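Nothing in this text is a laboratory measurement; each read-out follows from the coordinates by a stated rule. Since the model is a prediction, treat every value here as computed from it, not as a measurement. Cβ atoms come from the backbone with ideal geometry, glycine included; neighbour counts cover every protein chain shown.
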Amino acid sequence: MYNIVNYVEDYGKNTFQQSPFNKVDNLILAEMTYLDYQGILPALNSDSNAKPLHQVAEEYAVLLQNGHRKTDELVNKNDIALLEKMATASRFKDIALSCYRAETDLSAEKQFAAVVYTLSDTVHYLAFRGTDNTTVGWKEDFMSSYLSPIPSQKDALTYLNTVFKQLRGHFYVGGHSKGGNLAVYASVKTTLLNKKRILQVYNNDGPGFPADFVESKKYMKMLPKITTIVPEFSIIGMLLEQKGDFIVVDSNGLGFAQHSPYTWHVENNDFVRTELRETARLLNQAINNWMNQLSLEKREIFVDTIFDIFGSADGEELIVPFKESLNHLQKIKDRYQKIDPKAREEMQFIFDLLKQELKTTLQTSIKSVFSGSEQDDSSDSLGASSTEALDETKTT
């Protein structure tokens, strides 16, 4: 499989002067934003100079050797390896990084980070980090089902406006997962003058927005500059509403694992295109139908209860190393036992609704197959175009 790692190894010999910035470059820089640059990069509003990527890679390696960065399978192992390859590639090694900001605030239920990659004197890529492994970060994602804007969206707009004052030139704006959502939100909400400086907005498998946001005049005016990219089995990128065309990318990941950019297929300097899988469309349809049955109040109760159990208020990680798993599971069990009986009853009702919706969707799918109304496609993708397939899932 040819992916973003192979792209850096092979296509990385071409500078941006030789071959313009493209969608694959966007995904790579969005993924690099997951790395912890604290103590390496100059902060937002700092007088310090930007650092070239090859120097950043060297300093990161020193922190790794001294035990100041995590290296286990769960945290950025692939990203660290990719950074090392980028540091020797003509295309990436001299990109300058600056304006780093990262904050996780448990009381505000916020997880936010962003960095700017300067490609030339007058062109930059402003990237927002997606959801990390903190439970509070994941909770904030789910908060978007009942709250708008969420805390990190407010921070994204402030960050973008500040960077645009600090740096001259034009910008690509993007991110992966929640980072893609933040990129769209900040670009839609910023000033008209700033919008003229935005070349393109990239949402890489990031969730959508409430209906009133995507139907607003500001969103519709920005839409021609928004590029939405999802894998063929997209779950996160199909939540809530989005408009416009989608690029659907072939992936070798299994199920939710396709959310990882390392599973996306690349050919030359572009993604390998395909169609959204039927199973993904049906699952997203069931999830959206389920959410439509819940009031904003019930959604909030559901999210608060679930993430209280997983320890969002204590700053715990969602996934822990295997050696810590038993202790982690015991904590979850203990918190569950402490849930108020009424809240537990409410949770059971909500889960029963989801179970019924999934059952109904599955039964409908089976009936359509046996009635001949659905194409029997061995590739498990829709017979319709990817855009048409995605349109069917766009419920509030």
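Dipole magnitude of the chain about its Cα centre, charges +1 at Lys/Arg Cβ and -1 at Asp/Glu Cβ only, in debye to the nearest 20? Could you put the intermediate results ahead of the total?
Details: 42 positive and 53 negative charges, 231 e Å.
Roughly 1100 debye for the chain.
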Worksheet item: Going highest first, how would you order 295-305, 352-362 by mean Cβ packing within 10 Å?
Response: 295-305, 352-362
Practice prompt. Go through PHE142, LEU119, ILE350 and say which Cα lies farthest out towards the positive end of the charge dipole of the chain; charges sit on Cβ, +1 for Lys and Arg, -1 for Asp and Glu.
Written response: LEU119
Fill in: HIS170-ASP47 FRET efficiency (beta carbon distance; Förster radius 22 Å; 0.05 resolution)
0.40
Response to the item:
At 37 °C and 0.692 mPa s, the Stokes-Einstein diffusion coefficient in µm²/s for the stretch 58-179, with hydrodynamic radius from the Kirkwood sum on alpha carbon pairs, is 205 µm²/s
Worksheet entry | Distance (nanometres) between label positions extended 7 Å along Cα→Cβ at SER90 and ASN268 | 1.9 nm
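At a Förster radius of 41 Å, what calculated FRET efficiency corresponds to the Cβ-Cβ distance of GLN348 and LYS77, to the nearest 0.05?
With R0 = 41 Å, the Cβ-Cβ based efficiency is 0.60.
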Worksheet item: What fraction of the DSSP beta bridges in the chain is antiparallel, stated in percent and rounded to the nearest 5?
Response: 50 percent
Worksheet item: On the first, second and third principal axes, largest extent first, how far apart are the outermost C-alpha atoms of the stretch 12-275 in Å?
Response: 47, 42, 42
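For the pair LEU64 and ASP105, what calculated FRET efficiency results from E = 1/(1 + (r/R0)^6), where r is the Cβ-Cβ distance and R0 = 22 Å, to the nearest 0.05? Please list the in-between numbers first.
On the way: r = 27 Å, r/R0 = 1.21.
Efficiency for this residue pair is about 0.25.
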